[in-house]
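Peer 1: What follows is a structure written as structure tokens; I'll ask about it next.
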Amino acid sequence: MKEEEVKQRVILEYLAGDVSLRTLAARYKYDHNLLYRWIMAHHKLKKEGKLLNQARVIPTLPVQPPMSTDVAWLQEELRIARIQILLLEATIEISDEQFGTDMRKKAGTRQS
């Protein structure tokens, strides 16, 4: 990747606000002071109205692994989730009986 492309990508990623200069410096293997100078120069050009309409480089997002389509595995996960729900409901009922409370939120009630 050319330095100009790296520069544009770094500026856009930094201005998106999700990452620090030091993280970008480590990612692209540049000194963070150099990246700071790039960003300050960008701000100066923007303030003076001298920025050209450059092609925007969109940062790449991490790719998530595909979900399993194994039906047997999914059915087992569903069975386990249903058992957990039953256990949680039983726990709520037991605590309601022992402490004389009503833990379940009633639908349509206003919070005070």
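Each value in this text was obtained by applying a stated rule to the coordinates, not by laboratory testing. Since the model is a prediction, treat every value here as computed from it, not as a measurement. We place every Cβ from the backbone using ideal geometry, glycine too, and count neighbours over all the protein chains shown.
Peer 1: Could you give P(r) for region 3-48, binned at 10 Å from zero, as whole percent values over all Cα-Cα pairs?
Peer 2: Over region 3-48, the share of Cα pairs per 10 Å bin runs 29, 61, 10, 0 percent.
Peer 1: For Lys105, which aspartates and glutamates qualify as cross-link partners when the Cα separation must be under 17 Å and same-chain residues fewer than eight apart are set aside?
Peer 2: Within the straight-line cut-off, Lys105 pairs with Glu89, Glu93, Asp96, Glu97.
Peer 1: So what are the ³J(HN,Hα) numbers for region 28-40, from phi and the Karplus equation (6.51, -1.76, 1.60; θ = phi - 60°), rounded to whole Hz, Gly and Pro as x?
Peer 2: The phi angles translate into 9, 6, 10, 5, 5, 5, 5, 4, 4, 5, 4, 5, 5 Hz.
Peer 1: Separate question: With the contact rule set at Cα under 8 Å and sequence spacing of 6 or more, what percent relative contact order holds for region 3-48? Could you put the intermediate results ahead of the total?
Peer 2: Working: 20 pairs, mean separation 15.8, N = 46.
It comes to 34 percent, rounded to a whole number.
Peer 1: Could you order peptides 77-88, 4-15 by the average number of other Cβ atoms within 10 Å of their residues, highest first?
Peer 2: On the way: 77-88: 10.2, 4-15: 16.8.
For the peptides 77-88, 4-15, the packing ranking is 4-15, 77-88.
Peer 1: What distance in nm lies between label points placed 7 Å from Cα along the C-beta direction at Val19 and Lys105?
Peer 2: Those two pseudo-labels are separated by 3.7 nm.
Peer 1: Stretched out fully, how many nm does the piece from Lys50 to Asn33 gain, at 0.36 nm a residue minus the Cα gap?
Peer 2: On the way: separation 17, 0.36 × 17 = 6.12 nm, distance 2.30 nm.
Difference between extended and current length: 3.8 nm.
Peer 1: Run down the aspartates and glutamates and flag those whose C-alpha is under 17 Å from the C-alpha of Lys2, throwing out any fewer than 8 positions away in its chain.
Peer 2: Leaving aside aspartates and glutamates fewer than 8 places away in the same chain, those within reach of Lys2 are Glu13, Asp31.
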